Amino acid sequence: MTSIAFCGVGQMGSPMARRLIEAGHEVAVWNRTREKAAELASRGARLADSPADAALGAAVVITMLSTSEALEAVTFGEGGIAAGIGSAATLIEMSTVGPSAVHDTASRLAAGVALLDAPVFGSVPEAVNGTLRIFVGGEPKAFQRWRGLLEVLGQPTYYGALGSGAAMKIVVNSTLAGQIAVLGEAMALADALGLGQSEVLDVLIASPIGPTVDRKRGFFESDAYPASFKLGLAAKDVRLVAESARAAGVELRLAEATAQWLSEADRAGLSDLDYSAVVAYIRGRPAHEPKAAAGDTSPQ
């Protein structure tokens, strides 16, 4: 049994923390909105009053946060992880924040605290099932020490020095976001040329972007976009791709265009829908949450 602090138990963090609890670990959880952590407390987690409180006595602290700004505040702000983490503990940063934020975090941690960057590839179903792809960077000894723990959450793969995991996640995100934007433009072109949606989707399923079309087809046909990965977070991730490319001196024209599409859709009010709602935005079609069935009062 390992003593774990888990900071950030939102849409992805909650099922990840749940898996660690079910694996028999001692888990303290903290979330900015405390109510979101209540279900984990009913499963045996300790509800911490602050990130520092969660980190006290923990052998490993895991962060799963939305932005680099959130990571900064939760780690180094008042009552942050840095105020509670022990000198022999390890911080495993699993958010998508980019190599720069990872290196900045490492430079400010107390001597002796190890850091692994381990962002994940996958969404809520993979988090629930423990089948996330985990991209890891950092000291090899730290990775070997915590590899078994990460395997509770999915498939960890080590890519090299600190920041390598974050870099790999950015590369992957550049392809995923670009693919959904290309699909949106293809559908908009089909609309303008008078082609039927069903026929176009049938053809695109047999194309190189077929798996994405197949997964999201029901969304396009119903105009309902239940979020497995929120568009607002996708917009943030693609901005991070573009910013990282500019910092590295690499010209990524498609990434810049994709970031613009997603940012516009985000500002248009689609932030909490699935990221594939950008297809509806590009096409000028409606996009909304799924409607609850009659008598169904459960959250969507």
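The values are calculated or read from the model by the stated rules, or taken from the named source; none is laboratory data. No experiment lies behind these values; they were computed from the predicted model shown. Virtual Cβ from ideal backbone geometry, glycine too; neighbours counted across all protein chains shown.
If only residues of the range 86-104 that are out of contact with any Pro (no Cβ under 9 Å at 6 or more places or on another chain) and under 19 Å from TRP30 (Cα atoms) are counted, the one that is modelled with the lowest pLDDT is GLY86.
Quick grid of which residues meet (1) in contact with a helix residue (DSSP H, G or I) (Cβ under 7 Å, 6 or more places away or on another chain); (2) within 27 Å of VAL60 (Cβ to Cβ):
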| residue | (1), (2) |
| --- | --- |
| GLY138 | no, yes |
| GLY165 | no, yes |
| ILE205 | yes, no |
| PRO208 | no, no |
| LYS216 | no, no |
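If you go through the range 4-44 and keep only what is small (Gly, Ala, Ser), modelled with pLDDT of 95 or more and surrounded by 18 or more Cβ atoms within 10 Å (Cβ to Cβ), you end up with ALA5, GLY8, GLY13, SER14, ALA17, ALA28.
Where helices (runs of 4 or more DSSP H) fall wholly inside the range 47-113, the ranges with 3 or more residues that are within 29 Å of VAL172 (Cα to Cα) are 68-76, 99-108. For the range 88-99, state whether one or more residues are surrounded by fewer than 20 Cβ atoms within 10 Å (Cβ to Cβ) and under 24 Å from SER164 (Cα atoms). There is at least one residue in the range 88-99 that is surrounded by fewer than 20 Cβ atoms within 10 Å (Cβ to Cβ) and under 24 Å from SER164 (Cα atoms). When the range 106-139 is filtered for residues that are farther than 19 Å from GLY10 by Cα and without any contact (Cβ under 8 Å) to a residue 12 or more places away in the chain, only SER107 remains.
Yes/no matrix, rows are residues, columns are (1) in a helix (DSSP H, G or I); (2) at positive phi:
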residue: GLN179; (1), (2): yes, no
residue: GLY184; (1), (2): yes, no
residue: LEU189; (1), (2): yes, no
residue: GLY194; (1), (2): no, yes
residue: GLU199; (1), (2): yes, no
residue: SER207; (1), (2): no, no
residue: VAL213; (1), (2): yes, no
residue: PHE219; (1), (2): yes, no
residue: PRO226; (1), (2): no, no
